[in-house]
Amino acid sequence: MKRFFKLFRRGNVGDAIFQLVALLCGLSLLVIMFGIIFELWINTSLSRQKFGFGFLWSTAFDINGGKIGALTFIYGTAISSVIAILLAGFVGVGIAGFLVEIAPRRLNRVVGFVVELLAAIPSIVYGFWGLIALAPWLGTYVVPPLQAVFGWTPLFAGSYIGSSVFTASIVLAIMILPTVASISRDVIQAVPDTQREGMIALGATRWEMFSRAVVPYARNGIVGALVLGLGRAAGETMAVTLIMGNNAQIFTSLFQQGATMSSVIASSFGEASDLFLSSLLEIGLILFAITFAINVGARLLVLVFANEPRGGVRA
Amino acid sequence: MSSLTSSSGHYRRRKLVDRLMTGLSYASVLVAIVPLAALLIYVIIRGAGAWSPEFFTGLPQLFGGGGGVANGIVGTLILVGMASVMSIPFGVMAGIYLAEYGDNALGGFIRFVADTMTGIPSIVAGVFIYGLLVLNMGGYNALAGAVSLTILMVPVITRSTEGVIRLVPGSIREAALALGVPRWKTTLRVVVPAAVSGIVTGVLLSIARVAGETAPLLFTAFSSNYFNFQPFQGAMPSLPVLIYNAARSPTEAVREVGWGAAFLLVVMILALNLTARLVFRGRVPGG
């Protein structure tokens, strides 16, 4: 504030006004952020008073009986996004390694461009395709061999239905793959060539060079990419709402239906009122807190090690 | 002699591992490209089949065949237009603030908040605006939908604007200041024009990003099977929400129109992306 008055006294009225307007626009971001927290906190008073902290670990979902808990949905979100990041993580880092270490530079640029375009396809389109095209295909070609080998484990027990946790996790993995691949590619590309040359000069093969000189150097950046992908999977709404079945249960088999925090909000918000509406808003608040923590964690991870010679993250 | 053979056996093993890993990395590219290509081809084939004059002029039908998404096209243009009008000034000015005055604790904090906001699920923005605008304005309306899209656009525009303004060389700034031009005029007339192609790219990318958003519109703009030209009153249909409704329909003919809408949406978003990259050949930081 003192600086503005100083600018005014010096006669730089234009400067003072411009800087003030710019500052207000910058502050609008903070207003939105704290507005979201404040507003959700106020609107969830009904369910917070009724359920307290027990809301977090209750699996009840009896709307008419007035007993609602969030654990079923936290569980659904956690399982589906962890499976998605496991699938997309290996493939994404593999692509990044291929683009930087193996592919010619031109191909690297073209594939990078295509990957960024694919990241722009709306999630509703992924969901529509996953439900109508991918689910029957998985049922015919992927599920029978999976069940033949792993059918005895509880994870793959029961018969497959199209809209299930399994299909939803695979669609999530496909959706976050461009994010994971493009950030890891940037991180791996940022590793200085001297790292590679040193290892090659010692007689290492390409894989030894990549796994022992490049990946450890870029480790934090790659972990950051995976965590950001996890955050994206956890917040993803439309594809999961269409595919996962919106069945509020603690599933034990991936072939069962389930529900995530975002899918329960999207599918039942329209007809909710009073206590149920307040509970859904509280689930939204929890989702906000979780994704916020994931994002802050990913960025701190990179920040803490920023002074060390390791990859950065662009997102 | 024996040590030589054992070392060459060791070498063969290392080479084998190298081959295996190289093969796996080829495989991962294949595993990624196949589903993404399958998705695009499927949407193109199903969608192009649904395109007809009626598709672009008709209204959605609840049952039976035919109908179109004209109201959704108009609604999406209105929603995205309103969101752009609101978010571009705020986002660009916030970006200017961060680039020109933001090298302090407050700037660092705003930057951090903007970064984390880009990772916030879009449905949270919808839920927030539902409580703020829908409940207080007495029902679903286009303004609420546009504001929820604005929340998603502002941080993206802010960070990309900041990035490209930082790319403008300091010497240009100093030259203008040395001529006695005030700082605000330097920023607006010298620095921003030098960075304008990058700013436009960031804005176009953010528009492309929210044009396909469904979750924040579900309980703000909602949907409708009719035209709505009123920005402050009544449910506003949009392409993404019409696709969502079609995807949940048990009627094959209704889903057919949904594929047409999905194809149209993908074409619109890819066109925006391509335009954005043609405007600015370099890479927009944070975009």
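What follows draws every value from the coordinates through simple rules; no lab data is involved. Predicted model, so just to flag it, every value in this text is computed and none were measured. Virtual Cβ from ideal backbone geometry, glycine too; neighbours counted across all protein chains shown.
Order of B:V192, B:V203, A:V82, B:V164 from fewest to most other C-beta atoms within 10 Å?
A:V82, B:V192, B:V203, B:V164
Can you give the charge dipole size of the range A:139-216 about its Cα centre, rounded to the nearest 20 debye, using +1 on the beta carbon of Lys and Arg and -1 on the beta carbon of Asp and Glu?
My answer is approximately 100 debye.
Treat the count of other C-beta atoms within 10 Å as a stand-in for reagent exposure and order B:Y101, B:Y11 from fewest to most.
Result, fewest neighbours first: B:Y11, B:Y101.
Within the range B:63-96, name every residue whose backbone N is under 13 Å away from a label modeled 7 Å from Cα of B:T251 along the Cβ vector.
Inside the label zone: B:63-68.
Please state, as a whole number in µm²/s, the translational diffusion coefficient that the Stokes-Einstein equation yields for the range A:1-104 at 4 °C and 1.567 mPa s, with Rh defined as the Kirkwood radius across alpha carbon pairs. It would help to have the intermediate numbers written out before the result.
On the way: Rh = 19.6 Å.
For these conditions, the coefficient is 66 µm²/s.
Where the Cα atoms of the range B:26-67 are projected onto their three principal axes, how long is each span, largest first, in whole Å?
Principal-axis extents of the range B:26-67 (Cα, largest first): 46, 19, 11 Å.
Kindly state, to the nearest 0.05, the FRET efficiency for A:R106 paired with B:F56, given R0 = 35 Å and r defined as their beta-carbon distance. Please report the intermediate quantities before stating the final value.
Details: r = 39 Å, r/R0 = 1.10.
For A:R106 and B:F56, the calculated efficiency is 0.35.
Averaged over every viewing direction, what's the projected area of the C-alpha convex hull for the range A:170-237? Give it in nm², one decimal, please.
The directionally averaged projection comes out at 4.8 nm².
What FRET efficiency, computed as 1/(1 + (r/R0)^6) with R0 = 25 Å and r the Cβ-Cβ distance, is obtained for B:L135 and A:Q249, rounded to the nearest 0.05?
0.20
With bins 10 Å wide starting at 0, give me the P(r) of chain B over every alpha carbon pair, in whole percents.
6, 21, 25, 20, 13, 8, 4, 2, 0
Counting Lys and Arg as +1 and Asp and Glu as -1, each charge on the Cβ, what is the dipole of chain A about the Cα centre in debye, to the nearest 20?
Working: 20 positive and 14 negative charges, 225 e Å.
In debye, rounded to 20, chain A gives about 1080.
Stretched out fully, how many nm does the piece from A:L202 to A:L301 gain, at 0.36 nm a residue minus the Cα gap?
Gain on stretching A:L202 to A:L301: 32.5 nm.
Can you list the aspartates and glutamates whose alpha carbon sits under 13 Å from that of B:K185, skipping same-chain ones fewer than 8 residues off?
The reachable aspartates and glutamates, counting only those whose Cα sits under 13 Å from B:K185, are A:D15, B:E100, B:E174.
Compute, for the protein assembly as shown, the length of the dipole vector about the Cα centre, with Cβ point charges of +1 (Lys, Arg) and -1 (Asp, Glu) only. Units Debye, rounded to 20.
Approximately 1800 debye in magnitude.
Given the protein assembly as shown, what whole percent of its Cα pairs are spread farther than 35 Å? Mind dumping the intermediate values first?
Details: 77373 of 180901 pairs.
The proportion of pairs with Cα distances above 35 Å equals 43 percent.
Can you give the FRET efficiency to the nearest 0.05 for A:F90 and B:A194, using r as the Cβ-Cβ distance and R₀ = 35 Å? Don't skip to the end; give the middle numbers.
Values: r = 43 Å, r/R0 = 1.23.
Efficiency, rounded to the nearest 0.05: 0.25.
What span do the alpha-carbon atoms of the range B:174-287 cover on each of the three principal axes, reported in whole Å from largest to smallest?
69, 33, 20
Figure the gain on full extension for A:K50 and A:I17 (residue separation times 0.36 nm, minus the Cα-Cα span) and round it to one decimal in nm.
Between A:K50 and A:I17, full extension yields an extra 7.0 nm.
How big is the shadow of the Cα convex hull of the range A:53-200, averaged over all directions, in nm²?
Over every viewing direction, the Cα hull of the range A:53-200 projects on average to 13.8 nm².
Have a look at B:T251, B:W184, B:V267 and report the one farthest towards the positive end of the charge dipole of the range B:156-275, computed about the Cα centre with Cβ charges (Lys/Arg +1, Asp/Glu -1).
B:W184
Arrange B:T57, B:T275 by Cβ neighbour counts within 10 Å, fewest through most, would you?
Going from sparsest to densest Cβ surroundings: B:T57, B:T275.
Would you compute the Debye intensity of the range A:53-118 from its alpha-carbon atoms alone, equal scatterers and no solvent, and pass along log10 I(q)/I(0) at q = 0.19 Å⁻¹ to two decimals?
-0.78
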